[in-house]
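Data block below; observations after.
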Amino acid sequence: MAEAGTGFLEQLKSCIVWSWTYLWTLWFFIMLFLVYILRVPLKINDNLTTVSMFLNTLTPKFYVALTGTSSLISGLILIFEWWYFRKYGTSFIEQVSVSHLRPLLGGVDNSAPSAASAAGGDADSNRQSVSECKVWRNPLNLFRGAEYNRYTWVTGREPLTYYDMNLSAQDHQTFFTCDTDHLRPADAIMQKAWRERNPQARISAAHEALELNECATAYILLAEEEATTIVEAEKLFKQALKAGEGCYRRGQQLQHHGAQYEAQHRRDTNVLVYIKRRLAMCARKLGRTREAVKMMRDLMKEFPLLSMFNIHENLLEALLELQAYADVQAVLAKYDDISLPKSATICYTAALLKARAVSDKFSPEAASRRGLSTAEMNAVEAIHRAVEFNPHVPKYLLEMKSLILPPEHILKRGDSEAIAYAFFHLQHWKRVEGALNLLHCTWEGTFRMIPYPLEKGHLFYPYPICTETADRELLPSFHEVSVYPKKELPFFILFTAGLCSFTAMLALLTHQFPELMGVFAKAFLSTLFAPLNFVMEKVESILPSSLWHQLTRI
């Protein structure tokens with residue numbers, strides 16, 4: 001019985017909603033009919049005559065002021081709508097309408113999942129969406145002192161946003177501190193240093209910690225922020241390695257003596273892995289690529305469970321520099337797995353290897369005549385897969401958009417990840433003959449396979465809608481963020497733009513030709529109300545005079 005009652009209420013509600021959705025014209029005409037019937041008791045004719053006399057006494061200056069004020073207000077609304085759309089990617093009026101007015105009118109959000117689907121597949125989709133919108137540390141992030149600061153000295157621009165640097169500060173506190181730091185004076189100073197916002201204060205605190213003890217994290221901070229060249233940073237990291245290895249060996253012997261020792265050993269492990277990885281990156285930047293590859297391989301063998309640093313992406317880039325494509329394929333065979341999280345580096349490197357097999361002889365004219373071979377089809381499918389994962393990358397690889405320094409954090413499938421990938425891998429695509437030509441000829445075909453990327457994907461989950469907002473926080477303001485899919489201008493921006501232009505034109509014409517505009521206005525109003533007057537005359541002629549008299553007396 002309860003289910004039957006609930007079903008009846010739902011049907012009644014849907015009927016009411018349907019009536020308000022499709023029968024509003026009927027209600028409108030009924031209201032007009034009632035107003036016309038009650039025009040005598042309500043003295044509508046007298047009020048209209050009074051209003052008409054008042055309007056006739058108004059001068060053209062009033063109409064100029066009226067249209068000018070309307071133009072100004074609509075122009076202000078247009079400016080606000082445009083600013084809100086540029087910042088948040090949606091119309092303010094539409095958002096308010098959907099969020100607040102639509103529920104009051106009984107509207108139903110079609111995008112809301114049903115109860116049945118929410119319990120099943122949509123739960124997995126939501127979890128995937130959250131993971132894809134997560135901000136990750138850039139595995140190839142540059143050195144703040146030796147690279148980012150040098151860019152600022154030369155250009156006067158800040159390549160890092162406050163949000164990005166704040167995320168780095170949180171990472172440092174997570175990796176390089178533990179609960180027992182207050183027991184050691186040097187570590188206690190560094191614990192405060194990682195929370196300090198002022199760079200000079202952090203550097204001063206690191207020097208103060210080194211005066212007390214050989215502190216590995218103090219050397220890390222100086223190598224990252226004070227060193228002005230990669231050579232200086234490498235020297236400091238070697239000193240950090242010496243101190244870090246000593247702490248790691250001592251902690252390894254005591255890690256089973258209690259929870260505090262275990263937490264300290266975990267911190268020492270993170271510090272050691274970070275130092276070795278940065279040393280490998282220094283070797284790569286200084287041209288000692290084979291040495292860097294060996295250091296990365298040893299690090300991955302020694303600490304196979306620390307996948308959060310994504311060292312395999314550093315290894316892939318170094319192997320591509322050596323043109324060791326067989327080794328690159330071996331790394332991809334391990335990490336390009338369906339159970340592991342994907343990245344632009346994984347997808348586009350796989351596409352590059354398949355493109356390399358056919359790109360030197362690829363010709364779009366020949367392919368259109370004879371069709372694609374099996375190897376060419378595999379290469380095209382790999383490019384489509386990569387473009388579906390991150391559609392922003394091709395514009396940077398094809399140099400259709402200018403590159404900037406990559407941020408310290410990236411959003412997977414976003415513009416920030418595309419910049420970070422292209423910044424380091426563009427040279428590898430250029431080195432493979434014909435690879436960029438193949439990419440240029442085929443990458444746009446991906447979008448025909450996924451016409452509605454926010455609703456349904458082809459090989460991956462639907463493209464997350466959070467990327468634009470997060471990328472605007474991660475990337476500097478002087479960079480034009482790439483947006484996918486391209487958003488059309490909301491209706492209300494176009495409407496307010498037209499309204500502003502129309503009222504401004506009316507104000508100008510009324511000011512220049514007041515008499516002519518008055519005649520035009522009267523002709524327009526008479527034409528507008530002509531159908532209504534015609535209908536009312538027909539109604540009066542059809543209805544009997546006695547019935548009409550009785551209705552007007554109600």
| Some residue of region 512-520 being at pLDDT below 75, aromatic (Phe, Trp, Tyr), on the phi < 0 side of the Ramachandran plot and surrounded by 10 or more Cβ atoms within 10 Å (Cβ to Cβ) | no
| query | What is the one condition in (1) at pLDDT below 75; (2) open to solvent by 90 Å² or more (accessible area, probe 1.4 Å); (3) of a type in the set (Asp, Glu) that GLU480 does not satisfy? | reply | (1)
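Hey, which of the helices (runs of 4 or more DSSP H) in region 300-398, taking only ones fully inside, have at least 1 residues that are open to solvent by 30 Å² or more (accessible area, probe 1.4 Å) and of a type in the set (A, V, I, L, M, F, W, C)?
Working: elements: 311-321, 325-335, 344-356, 364-370, 374-389, 393-397.
Fully inside region 300-398 and qualifying: 325-335, 374-389.
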| request: Go through region 277-299 and count every residue that is open to solvent by less than 40 Å² (accessible area, probe 1.4 Å) and without any contact (Cβ under 8 Å) to a residue 24 or more places away in the chain. | output: 1
| field | Hey, GLU488 modelled with pLDDT of 75 or more, open to solvent by 40 Å² or more (accessible area, probe 1.4 Å), under 21 Å from the mean Cα position of the chain (by Cα) and not hydrophobic (A, V, I, L, M, F, W, C) or not | value | no
| note | Within region 153-173, the residues that are open to solvent by 30 Å² or more (accessible area, probe 1.4 Å) and either hydroxyl-bearing (Ser, Thr, Tyr) or part of a loop (DSSP other than H, G, I, E, B) (or both) are THR155, GLY156, ARG157, GLU158, TYR162, TYR163
| Of all the helices (runs of 4 or more DSSP H) wholly in region 401-463, which have at least 3 residues that are open to solvent by 40 Å² or more (accessible area, probe 1.4 Å) and more than 26 Å from ILE338 (Cα to Cα)? | 415-431, 435-442
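It is to be established whether one or more residues within region 267-275 are of a type in the set (Asp, Glu), assigned to a helix (DSSP H, G or I), touching a helix residue (DSSP H, G or I) at 6+ places or on another chain (Cβ under 9 Å) and more than 22 Å from LYS334 (Cβ to Cβ). Reasoning before the result, please.
First, pick out the residues of region 267-275 that are of a type in the set (Asp, Glu): 268.
If we keep only those that are assigned to a helix (DSSP H, G or I) as well, we get 268.
Subset that is touching a helix residue (DSSP H, G or I) at 6+ places or on another chain (Cβ under 9 Å): 268.
Cutting the leftovers down to more than 22 Å from LYS334 (Cβ to Cβ) gives us 268.
Within region 267-275 (the criterion being of a type in the set (Asp, Glu), assigned to a helix (DSSP H, G or I), touching a helix residue (DSSP H, G or I) at 6+ places or on another chain (Cβ under 9 Å) and more than 22 Å from LYS334 (Cβ to Cβ)), the answer is yes, since at least one residue qualifies.
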| request: Return yes or no: is ALA188 aliphatic (A, V, I, L, M), open to solvent by less than 80 Å² (accessible area, probe 1.4 Å) and free of Cβ contacts under 8 Å to residues at least 12 places away in the same chain? | output: yes
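Determine, yes or no, whether SER363 is out of contact with any helix residue (DSSP H, G or I) (no Cβ under 7 Å at 6 or more places or on another chain) and either farther than 18 Å from TYR484 by Cα or of a type in the set (Val, Ile, Thr) (or both). Lay out the reasoning, then the answer.
Working: out of contact with any helix residue (DSSP H, G or I) (no Cβ under 7 Å at 6 or more places or on another chain): yes; either farther than 18 Å from TYR484 by Cα or of a type in the set (Val, Ile, Thr) (or both): yes.
Yes.
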| Given the residues LYS242, LYS294, which is the only one that is over 20 Å from PRO185 (Cα atoms) and part of a helix (DSSP H, G or I)? | LYS294
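Looking at this structure, is VAL108 aliphatic (A, V, I, L, M), open to solvent by 30 Å² or more (accessible area, probe 1.4 Å) and at pLDDT below 80?
Working: aliphatic (A, V, I, L, M): yes; open to solvent by 30 Å² or more (accessible area, probe 1.4 Å): yes; at pLDDT below 80: yes.
For VAL108, the condition - aliphatic (A, V, I, L, M), open to solvent by 30 Å² or more (accessible area, probe 1.4 Å) and at pLDDT below 80 - is met.
Restricting attention to region 236-244, does a residue exist that is surrounded by fewer than 16 Cβ atoms within 10 Å (Cβ to Cβ) and either more than 27 Å from GLU158 (Cβ to Cβ) or free of Cβ contacts under 8 Å to residues at least 40 places away in the same chain (or both)? Full working, then the answer.
Let us first name the residues in region 236-244 that are surrounded by fewer than 16 Cβ atoms within 10 Å (Cβ to Cβ), namely 238, 242.
Pick out the ones that are also either more than 27 Å from GLU158 (Cβ to Cβ) or free of Cβ contacts under 8 Å to residues at least 40 places away in the same chain (or both) and you get 238, 242.
Within region 236-244 (the criterion being surrounded by fewer than 16 Cβ atoms within 10 Å (Cβ to Cβ) and either more than 27 Å from GLU158 (Cβ to Cβ) or free of Cβ contacts under 8 Å to residues at least 40 places away in the same chain (or both)), the answer is yes, since at least one residue qualifies.
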| query | Which of (1) under 23 Å from PRO476 (Cβ atoms); (2) in contact with a Leu (Cβ under 8 Å, 6 or more places away or on another chain); (3) open to solvent by less than 40 Å² (accessible area, probe 1.4 Å); (4) of a type outside the set (D, E, K, R) does ALA193 not meet, given it meets every other one? | reply | (1)
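Only one residue in VAL380, VAL387, VAL393 is assigned by the TED database to the domain that holds PRO462, under 17 Å from HIS428 (Cα atoms) and touching a helix residue (DSSP H, G or I) at 6+ places or on another chain (Cβ under 9 Å). Which one? Walk me through how you get there before you give the answer.
On the way: VAL380 fails: under 17 Å from HIS428 (Cα atoms); VAL387 fails: under 17 Å from HIS428 (Cα atoms).
Matching residue, one of VAL380, VAL387, VAL393: VAL393.
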| task | Scan region 196-209 for residues that are surrounded by 19 or more Cβ atoms within 10 Å (Cβ to Cβ) and over 17 Å from MET165 (Cβ atoms) and jot them down. | result | ALA209
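Of all residues in region 174-183, how many are open to solvent by 20 Å² or more (accessible area, probe 1.4 Å), under 14 Å from ASP268 (Cα atoms) and not acidic (Asp, Glu)?
Applying the first criterion (open to solvent by 20 Å² or more (accessible area, probe 1.4 Å)) to region 174-183 yields 174-175, 177, 179, 182-183.
Retained after the next criterion (residues that are under 14 Å from ASP268 (Cα atoms)): 174-175, 177, 179.
If we keep only those that are not acidic (Asp, Glu) too, we end up with 174-175, 177.
Summing the residues that are open to solvent by 20 Å² or more (accessible area, probe 1.4 Å), under 14 Å from ASP268 (Cα atoms) and not acidic (Asp, Glu) in region 174-183 gives 3.
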| What number of residues within region 451-477 are modelled with pLDDT under 85 and of a type in the set (Asp, Glu)? | 2
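The values are calculated or read from the model by the stated rules, or taken from the named source; none is laboratory data. For clarity, every value in this text was computed on a predicted model and none was experimentally measured. Every residue, glycine among them, receives a Cβ derived from its backbone with ideal geometry; neighbour counts consider all protein chains shown. Keep in mind that these areas ignore ligands, DNA and RNA; they rest on the heavy atoms of the full protein, side chains included. Shrake-Rupley method; radii C 1.70, N 1.55, O 1.52, S 1.80 Å.
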